[in-house]
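**Student:** Input: one structure, supplied below.
The values are calculated or read from the model by the stated rules, or taken from the named source; none is laboratory data. Values in this document were obtained by computation on a predicted structure and should not be read as measured data. Using ideal geometry, Cβ is built from the backbone for each residue, glycine included, and neighbour counts are taken over all protein chains shown.
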Amino acid sequence: MPSFDTALVLARALTSGVVMSIEKSDRELPGLERLLSKQTARRRAVLLNSRTAAVHAALTGLGVGHGDEITQPGIDARTSAFLDWLGVRVRPGGPATFDEIALGPDTAGDLREWAARVTAPALVVDLTGLGFGPAAAVLTDDETVWARAERLKIFGAHDLRTMWTQEEADPELVPGVQFNYRLSPLVAACVRMALTRAGTPPVTSGAPL
């Protein structure tokens, strides 16, 4: 993304006065959620601040926790080590418990096509390679997967939707341990711009050479 566009996006986010994901008036995070849902054809999106956070959220959403066993063909050493830390065992074979896509500057426009090829109930999209800081998302059509994954990303007694009322909405979804996996609206704004530009043909001006 050209630096001028990045500056405009950052200025918009900063002048809004909203720089934390717990602000009720934030528009950047919902905007990125809608864009990712549209491009992946999944109804729900959970935004997180790292790839490992997204893997953790996907597993939590699927009801997988310490002591459980999954199948995950083609798992890399980094993910294997993280799952071992979570206490999740991986046995040989398939199908994939969750699908994963990693995007970079040259592949940001491929998300729609890649997402159409995978079928697991949770899709992890690593957005870190776009260059705006660690960022990732979990996409799903399953409301329970979404609710569990969404709840994992904020620690404390209440989630982002109920913390203002201090009334528990879904006590049965509260995980045993919660994490500060929230994504910054500043990062979300830049990632959203990068994905939007990836699907837009370049504009040329001036007379042909």
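**Student:** Can you tell me how many residues within the stretch 120-132 are at pLDDT 95 or above and farther than 19 Å from GLU33 by Cβ?
**Tutor:** Looking only at that region, the number is 2.
**Student:** What is the number of the single condition among (1) in contact with a strand residue (DSSP E or B) (Cβ under 8 Å, 6 or more places away or on another chain); (2) farther than 17 Å from LYS38 by Cα that PRO73 does not meet?
**Tutor:** (1)
**Student:** Does the stretch 47-55 contain any residue that is basic (Lys, Arg) and at pLDDT 95 or above?
**Tutor:** Yes, there is a match, as at least one residue in the stretch 47-55 is basic (Lys, Arg) and at pLDDT 95 or above.
**Student:** Another question, then. If a residue has to be at pLDDT below 65 and touching a Leu at 6+ places or on another chain (Cβ under 7 Å) to count, how many in the stretch 135-191 make the cut?
**Tutor:** 1
Per-residue answers, yes or no, for (1) at pLDDT below 95; (2) touching a Gly at 6+ places or on another chain (Cβ under 8 Å):
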{"site": "ASP26", "(1), (2)": "yes, no"}
{"site": "LEU29", "(1), (2)": "yes, no"}
{"site": "LEU62", "(1), (2)": "no, no"}
{"site": "GLY65", "(1), (2)": "yes, yes"}
{"site": "GLY93", "(1), (2)": "yes, no"}
{"site": "PRO105", "(1), (2)": "yes, yes"}
